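Undergrad: I'd like to ask you about the structure that follows.
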Amino acid sequence: MVLIGLGSAGAGIVSNFSDSHTKVTITSKDFDNCHSEESYENNCPTFDLPISDEYWFFVCGGSKCSSATLRILETIKDKKINLVYVCPDHDLSGPTVMKRHRVVYSVLQEYTRSGLLNSMCIISNKKILSMIGNQSISKMYNNINTTVANAIETIMWFKTQEPVMGSLHQQKEISRIYTVSMGNMKDNEENMLFLLDNPTETWYIYSISKQELENNQNLIPLIRSRVVDDESRNINSSFAIYPSEHEQSYFYSIKLTHYIQPVETN
């Protein structure tokens, strides 16, 4: 598996993954004499990407580099491509950045829904900041990138493990657009990394300490309540429970849909 990070955000996310992955970072420094969206697209060089059957591609649609996304993906179009798209914070971004974002965001969703991309995970800078709290300017984007990398890599790892209860979610083929949430068991609240519109499927991933696995009699009712609540809203829901060596129990969820997502407005 190869991880490709385009632009400063994409490169920053990929650099925070463990070294067990093959990582490629592409930034504005890798483009010659590119100053506009059109020049990044029209003058995109051919990058010598490692050969793999599966690629993860990370990009923020607010960057000028994002205009080269389709040109780069064209070189690996016959492979399995999982896209992670970061939405810029509209409160901290100018009109030009948001216009660029709207174009790239829309096009990539259509490519995903048509099946040209295997999946598209949408992440919101603003939602992550609301979860991790106020940050200094010099540390803000690095902390955002670290949060995204940790979430995606942890979920990748869980998919390779055997749960003590539950199973991998068997999603519908059309459910290619998704986001991720994070939560702890203490307050049982989810922190969405993007407010997904019209979710149709959810997979809950529980990482439970050995002590709680042995002693927490409320764990099954807690999980069941989430599944039942989802089903009442016509959301196909499943879960998997994994043992953890950590004292703190937590959970992730993957929210999936086949609906095109609107641009964030709040």
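All of the numbers you see were taken from the coordinates with simple rules; none came from a lab. Here the structure is a predicted model, which means the values were calculated and not measured. Every residue, glycine among them, receives a Cβ derived from its backbone with ideal geometry; neighbour counts consider all protein chains shown.
Undergrad: May I have the pair-distance distribution P(r) for region 182-254, computed from all Cα-Cα distances with 10 Å bins from 0 and rounded to whole percent?
TA: 19, 53, 23, 4
Undergrad: Quick check: pseudo-label points 7 Å beyond the Cα along Cα→Cβ at L168 and N216, how many nm apart are they?
TA: So the two model labels end up 2.5 nm from each other.
Undergrad: Read through the labelled values [x] 17.3, 58; [y] 17.0, 50; [z] 18.8, 63 and report the label of the one computed as Rg and Dmax of the Cα atoms in Å from the structure.
TA: Computing Rg and Dmax of the Cα atoms in Å and matching it to [x] 17.3, 58; [y] 17.0, 50; [z] 18.8, 63 gives [z].
Undergrad: How high is the FRET efficiency between D197 and F47 when r is their beta carbon distance and R₀ equals 30 Å, given to the nearest 0.05?
TA: About 0.35, to the nearest 0.05.
Undergrad: Pairs of Cα atoms under 8 Å, at least six residues apart: use those to get the relative contact order of region 53-115, whole percent.
TA: Numbers: 59 pairs, mean separation 27.6, N = 63.
Relative contact order comes out at 44 percent.
Undergrad: Also: Run the dipole for the chain about the Cα centre, Lys and Arg Cβ at +1, Asp and Glu Cβ at -1, nothing else charged, and hand back the magnitude in debye, nearest 20.
TA: Dipole about the Cα centre, nearest 20: 360 debye.
Undergrad: What's the angle, to the nearest 10 degrees (0 to 90), between helix 137-158's Cα axis and the longest principal axis of the chain?
TA: For helix 137-158, the angle is close to 60 degrees.
Undergrad: Run the helix sum for the chain: -39,500 (n - 2.57) per DSSP H stretch of 4+ residues, divided by residue count, reported at 222 nm to the nearest 500 deg cm²/dmol.
TA: Computed mean residue ellipticity for the chain: -10500 deg cm²/dmol.
Undergrad: Let me ask you something else. Treating only the Cα positions of region 15-101 as identical point scatterers, give the base-10 log of I(q)/I(0) from the Debye formula at each q in 0.13 Å⁻¹.
TA: These q points yield log10 I(q)/I(0) values of -0.47.
Undergrad: Something else about it: Between region 17-38 and region 76-106, how far is it from one alpha carbon centroid to the other, in angstrom?
TA: Cα centres, region 17-38 to region 76-106: 15 Å.
Undergrad: Starting at the first residue of region 51-61, write each ³J(HN,Hα) from the Karplus equation 6.51 cos²θ - 1.76 cosθ + 1.60 with θ = phi - 60°, in whole Hz, x for Gly and Pro.
TA: 7, 7, 7, 9, 10, 10, 10, 10, 7, 9, x
Undergrad: Continuing with the same structure: Expressed as a rounded percentage, what relative contact order does region 199-266 have, with Cα pairs under 8 Å and six or more residues apart?
TA: That works out to 57 percent.
Undergrad: Please list, or write none, the aspartates and glutamates whose alpha carbon is within less than 16 Å of the alpha carbon of K186, excluding same-chain residues fewer than 8 places away.
TA: Of all the aspartates and glutamates, those that pass the test against K186 - Cα under 16 Å, at least 8 places apart if same chain - are E212, E247.
Undergrad: Nearest 0.05, what FRET efficiency do K79 and R102 give at R0 = 25 Å with Cβ-Cβ as r? Walk me through the numbers before you get to the answer.
TA: On the way: r = 27 Å, r/R0 = 1.09.
So the FRET efficiency works out to roughly 0.35.
Undergrad: Sticking with this one: Across region 2-157, how large is the tail of the calculated P(r) beyond 20 Å, expressed as a percent of all Cα pairs?
TA: 47 percent
Undergrad: Would you mind checking K80/K255; K23/K126; K172/K255; K139/K210; K80/K126 for any pair whose Cα atoms are more than 23 angstrom apart? List each step's numbers first, then the result.
TA: Values: K80/K255 20 Å; K23/K126 26 Å; K172/K255 12 Å; K139/K210 34 Å; K80/K126 29 Å.
Going by Cα-Cα distance, K23/K126; K139/K210; K80/K126 fall outside the 23 Å limit.
Undergrad: Next question, about the same structure. Taking Cα pairs under 8 Å and at least six residues apart, what relative contact order does the chain come out at, in percent?
TA: Normalised by residue count, the contact order of the chain is 17 percent.
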